[in-house]
1. Answer yes if at least one residue in segment 371-390 is modelled with pLDDT of 90 or more, at negative phi and among the charged types (D, E, K, R), and no otherwise.
2. Can you confirm whether segment 95-113 contains a residue that is at pLDDT below 85 and not small (Gly, Ala, Ser)?
3. Restricting the search to segment 35-66, which residues are part of a helix (DSSP H, G or I), open to solvent by 10 Å² or more (accessible area, probe 1.4 Å) and modelled with pLDDT of 80 or more?
4. For segment 298-323: of the residues being part of a helix (DSSP H, G or I) and out of contact with any Leu (no Cβ under 9 Å at 6 or more places or on another chain), which is farthest from residue 152 (Cα to Cα)?
5. Report, ordered by the first and then the second residue, all pairs with beta carbons closer than 8 Å, sequence separation of six or more or different chains, a first member in segment 376-387 that is aliphatic (A, V, I, L, M), and a second member that is open to solvent by 40 Å² or more (accessible area, probe 1.4 Å).
6. Look through 212, 307, 272, 216 and report the one residue that is among the aliphatic types (A, V, I, L, M) and open to solvent by less than 30 Å² (accessible area, probe 1.4 Å).
7. Against the conditions (1) of a type outside the set (S, T, N, Q); (2) open to solvent by less than 10 Å² (accessible area, probe 1.4 Å); (3) modelled with pLDDT of 90 or more, where does residue 164 fall short? Just the number, please.
8. Which of the following residues is out of contact with any His (no Cβ under 9 Å at 6 or more places or on another chain), at pLDDT below 75 and under 19 Å from residue 30 (Cβ atoms): 236, 226?
Amino acid sequence: MISVDALDQAPTSGPSAGLSGRRRMQAFAFGGLLLVLMNFSGPAAGMIDIPVTFFLKNRMHLRSNELAVFKLWIGLPLILGFVFGFIRDRWSPFGGGDRAHLLVFGVLTALIYGSMALMSPTYAVFLGGLFVATMAFRMVSSAVYGVMNTLARRHAVSGQMSSVISMGSALPDLISFVGGGMLSQTLEGQGAVAAARILFFCAGGLMLAIAVLGVVGPKWVFDEARHDIPDVHFLRDLGRIARHWPIYPAMLIQLLWQFSPATGTVLQYHIVDHLHATDAQWGAWQGIFFGSFLPIYALYGWLSQKVALRPLLWFGFALAVFQMTPLLLVRDAVGALIAAAPMGLLGSIAQAALVDLVIRSAPRGCQGATMMLFYAFYYFSVRAGDLLGTWIYDKHGGFIPTVVVTIIVYALILPVILLVSKRLTATKDGEVMEGDGEH
């Protein structure tokens, strides 16, 4: 444990001090494996989200706005993610650091999934079970993201770590959304109870794997992350975060970027009900969309070592303004599947650059809280966009107006980039920011 004053007065050090090529690969591989397992098994992940939402839509006949409200309720712990990140930064079970977070809350989430697997699939079971599971799961994710942010800042590899974080999300999305779409058709049929048991037992098994990795993972990774945990001064630490200007533009961009009334529940209902796609095709659409991010995410790890962050932000979000325009040309389910690929490509550089920015923006000793705040804004904005989008879709003109609103919101991101600190974005990976001991 170190004091807040020591954090604020940390001396400048070399960008990769203490991190050899072997250790760098070890950190990326270990962090990537944790992310893949986590993004497969999370309550909001496609493997769980798609079967559950289609069950509620088709078996329980929820309207689009009612489904959006359900997602909002189970998403409350996601929206309050900052709280879990703040707890991670200042406390751990038995004083065991992030290892203990992964072990204790990984097992706890697995037990919740196991309990759900033994119950009949109903609205109440999904609502209560997923709400509680999400709370336990956020402690796991806060530990994972806190460790990765700390390593990236300490060794000036925020761009490469952004690539790892982004790919660790997109790869499970690609597989689980496709698999979830197919599983949803089983969940709607006569074997609904058996399918639900398989679904939640599999998710519980993955959470147990995360708990095991918390025990056997590289000691030096957890030790480095633990070194940046300050002494506990709750009100003072909250004040430090509130006064840290660099996080504000990053969070505002995240709010605008994830506010997309045309996607989520609206797009699901539009594709299935109006374009007559199957559940599996909706899962395939999401798999193609998120999968098309992967090659650019991989490229970003190299680009970040060659190009400073600021031009990457401008170029990425200039492209992203047009991300939703392919939806205006869609007339059937096959056209929607074709449109998913260019949509993903148009948004991929922007997403990777934004994760790079938030890693650089985090105040030292508050990495977990900053990353959880970032992802809390993601879920808040997604759910808010869902609610507005379903309201427009149901009451005010259908699908096209939601696309227009989304394009306008994305265009508003460009002037916000002017507010981003030039000092934060002037360097490439491997370079230390002026006046800072970290990247």
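The values are calculated or read from the model by the stated rules, or taken from the named source; none is laboratory data. All values reported here derive from a predicted model rather than from experimental measurement. As a convention, Cβ positions derive from the backbone with ideal geometry for all residues, glycine included, and neighbour counts pool all protein chains shown. Surface areas here come from the heavy atoms of the whole protein model, side chains and all, with no ligands, DNA or RNA. Shrake-Rupley method; radii C 1.70, N 1.55, O 1.52, S 1.80 Å.
1. Within segment 371-390 (the criterion being modelled with pLDDT of 90 or more, at negative phi and among the charged types (D, E, K, R)), the answer is no, since none of the residues qualifies.
2. no
3. 36, 37, 39, 40, 66
4. Quick first cut of segment 298-323, residues part of a helix (DSSP H, G or I) only: 298-306, 309-320.
Then drop every residue that is not out of contact with any Leu (no Cβ under 9 Å at 6 or more places or on another chain), which leaves 298-299, 301-302, 305-306, 311, 315.
Values: 298: 16, 299: 18, 301: 12, 302: 15, 305: 13, 306: 17, 311: 20, 315: 23 Å.
Per the criteria, the residue is 315.
5. Hits for this filter: 376/80; 376/82; 382/259; 384/259; 387/65; 387/69; 387/72.
6. Numbers: 212 fails: open to solvent by less than 30 Å² (accessible area, probe 1.4 Å); 307 fails: open to solvent by less than 30 Å² (accessible area, probe 1.4 Å); 216 fails: open to solvent by less than 30 Å² (accessible area, probe 1.4 Å).
After ruling out the rest, the residue left standing is 272.
7. With respect to (1) of a type outside the set (S, T, N, Q); (2) open to solvent by less than 10 Å² (accessible area, probe 1.4 Å); (3) modelled with pLDDT of 90 or more, residue 164 is out only on (2).
8. Working: 236 fails: under 19 Å from residue 30 (Cβ atoms).
Result: 226 is the single residue among 236, 226 that is out of contact with any His (no Cβ under 9 Å at 6 or more places or on another chain), at pLDDT below 75 and under 19 Å from residue 30 (Cβ atoms).
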